[in-house]
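Asks: If you scroll down you'll find the structure; I have some questions about it.
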Amino acid sequence: MRLSTGLFYQRAQDTLMTSQSRLDKLQLQLTKQTRILSPADDPIGNSQVLALDEKLAQNAQFDRNSITLENNLGREESVLSNMVDYVQRARALSVNAGNGSLSQENRSAIALELRNIEDALFDFTNAQDEAGEYIFAGYQNRIQPMEYDQATQSYSYRSDDGQREIQLSPSLYLPAGDPGSKVFNNLSTRADIELTAGDNLVTELSAPNREALKNYWNTADPNTQSATIEFGAGTYRILDGGGNEVQPPTAYTAGDSITYRGVEFNTSEDVVAGNTIEFNIGEPVSRNLLTQIGDLADALENSGAQGKNFFRDEIDSALTAFDDAITSLTNTQAKVGARLNVLKSSRLSNTDISIVNEKARADISDVDYSKAITDLIKNETIYSASQQVFSRVSRLSLFDYL
């Protein structure tokens, strides 16, 4: 068969290029540490590798999520622990304030410490993370959750009841915090009672049945905001603000207590027929932890003779509210601790899954170094030999044999 010079060189070039391509591919496999350089190398293996890469990237994101969640829960746990300490101190002060041997000045000193606790707890309820987001604000974490209303002299929760969740696995979502409405809101109700006449006829004032007072206000009309107790000869009756008789004449002895809509008046023994006691009952205010502490401090600051010992009723209410607050705070702490335990278990599970996926990926795509190096040396030898053969054959000429 006759070969032209062009065909000879073309055949030699193709052989060298093929050998060079094999050599380059082996070198690239060793450099990238994978035997699948393109989908054509192993279509099925390549699709499996892509799926495993997606799983590994997903697990890496779950790990980052777990770090964020751990920081959030750790911060919340620390704040809750401090709040429990302050509420327990407030409760201890409440018990001490009920000591009958204390003077007005002593109770005012206790009120001062309660004011400091109120300020500290206000800061805790509005605690923020490193990004400036409020811990107890639910979904609206850029809005300050607790705010003081000067008009009602109470604190109100301004945010929602939502719980932001963070994903830790394809099916596991854990709350990243707790809304303040579920942690320290609505512990009790405040009874606002104002004596407008006959103050000297009342020795002690209390609201022993705040639930009855609250229920009464749910159906009350404007005339019932004020009322008058009229004393007769051995009797008393009660008229509402509109002059309507809401309690008919009832037997009475000077010094007896009178109960109306959950409010109790201890009367003086100096009461005589014709005397009246006039009073206003403000709508009960739902109290959260901060409002309760503020109201107790206010009652202690005004616990002189003109206060009609109402501070004792406030102490009783505060003790119950503080017990409820401590229970709520510690229950929330328990929930946070449970989430941290689940988080740790989830993190270990994700780590195990990542190890399995990485091994599966390596089995499919990782280059076999011993085989690849052997093939590399073999192809380098073939390539070198091809160059030498071409070099010698290309110099042959008939003139060498004439």
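The values are calculated or read from the model by the stated rules, or taken from the named source; none is laboratory data. Note that the structure is a prediction, hence the values are computed from the model and not measured. So basically every Cβ, Gly included, is an ideal-geometry build from the backbone, and we count neighbours across all protein chains shown. Keep in mind that these areas ignore ligands, DNA and RNA; they rest on the heavy atoms of the full protein, side chains included. Shrake-Rupley method; radii C 1.70, N 1.55, O 1.52, S 1.80 Å.
Asks: With the other protein chains left in place, how much accessible area per residue, in square angstrom, belongs to segment 267-337 at a 1.4 angstrom probe?
Replies: That works out to 38 Å² for each residue.
Asks: Can you tell me how much longer the chain between Asp149 and Thr259 gets when fully stretched, taken as 0.36 nm per residue apart minus their C-alpha distance, in nm with one decimal?
Replies: This chain segment gains 36.5 nm when fully extended.
Asks: What is the calculated FRET efficiency for Val272 to Asn96, with r their C-beta to C-beta distance and R₀ = 35 Å, to the nearest 0.05?
Replies: 0.35
Asks: How high is the FRET efficiency between Leu112 and Asn71 when r is their beta carbon distance and R₀ equals 51 Å, given to the nearest 0.05?
Replies: 0.90
Asks: Here's another thing I want to ask about it. How would you rank 241-249, 107-115, highest first, on the average number of other Cβ atoms within 10 Å across their residues? If you can, show how the numbers build up before the last one.
Replies: On the way: 241-249: 12.2, 107-115: 18.3.
Packing proxy ranking, top to bottom: 107-115, 241-249.
Asks: At 0.36 nm per residue, minus the direct Cα-Cα distance, what do Gln128 and Asn280 gain on full extension? Give it in nm, one decimal, please.
Replies: 50.6 nm
Asks: Same structure, new question: Work out the FRET efficiency for Asn341 and Asp161 from their Cβ-Cβ distance, taking R0 = 25 Å, and round it to the nearest 0.05. Mind showing how you got there, number by number?
Replies: Numbers: r = 25 Å, r/R0 = 0.99.
For Asn341 and Asp161, the calculated efficiency is 0.50.
Asks: Give the long-range amide H neighbours of Asn275: residues separated by 5 or more places, or on another chain, with amide H under 5 Å away, using H modelled in the peptide plane at 1.01 Å from N.
Replies: Close amide H contacts, sequence-distant or interchain: Phe231.
Asks: Would you mind pulling out the separation of the Cα centroids of segment 58-88 and segment 181-201, in Å?
Replies: Rounded to whole Å, the Cα centres lie 36 Å apart.
Asks: Just want the answer: with Cβ charges of +1 for Lys and Arg and -1 for Asp and Glu, which residue in Thr196, Ala176, Gln153 is farthest toward the dipole's positive end in segment 153-219?
Replies: Comparing the listed Cα positions along the dipole, Ala176 ranks first.
Asks: I want the local charge near Asp199. Using Cβ-Cβ distances under 15 Å, sum +1 for each Lys or Arg and -1 for each Asp or Glu among the other residues.
Replies: -3
Asks: Using the Cα centre of segment 126-193 as the reference point, and only Cβ charges (+1 on K/R, -1 on D/E), how large is the resulting charge dipole? Debye, rounded to the nearest 20.
Replies: 100
Asks: While we're on this one: Could you sort 289-297, 97-105 so that the peptide with the highest average Cβ count within 10 Å comes first and the rest follow in order?
Replies: So the order, starting with the most tightly packed, is 289-297, 97-105.
Asks: Here's something else I'd like to know. Sort the following peptides by mean Cβ neighbour count (other Cβ atoms within 10 Å, averaged over residues), highest first: 173-181, 88-96, 201-209.
Replies: For the peptides 173-181, 88-96, 201-209, the packing ranking is 173-181, 201-209, 88-96.
Asks: Further question on the same structure: Using the alpha-carbon centroid of each, what span in Å lies between segment 90-154 and segment 288-317?
Replies: Distance between centres, Cα-based: 14 Å.
Asks: I've got another one for you. Which of the pairs Lys55/Lys335; Lys335/Lys359; Lys55/Lys344 have their Cα atoms more than 25 Å apart in this structure?
Replies: Details: Lys55/Lys335 30 Å; Lys335/Lys359 36 Å; Lys55/Lys344 20 Å.
Too far apart for the 25 Å limit: Lys55/Lys335; Lys335/Lys359.
Asks: While we're here: When only C-alpha pairs under 8 Å and at least 6 residues apart count, what is the relative contact order of segment 193-273, in percent?
Replies: Reported relative contact order: 35 percent.
Asks: Related question: For Ile166, what residues show an amide H to amide H distance below 5 Å, using hydrogens built from the backbone and excluding near sequence neighbours?
Replies: Those qualifying (amide H under 5 Å, at least 5 residues apart or on another chain) are Leu174, Ala176.
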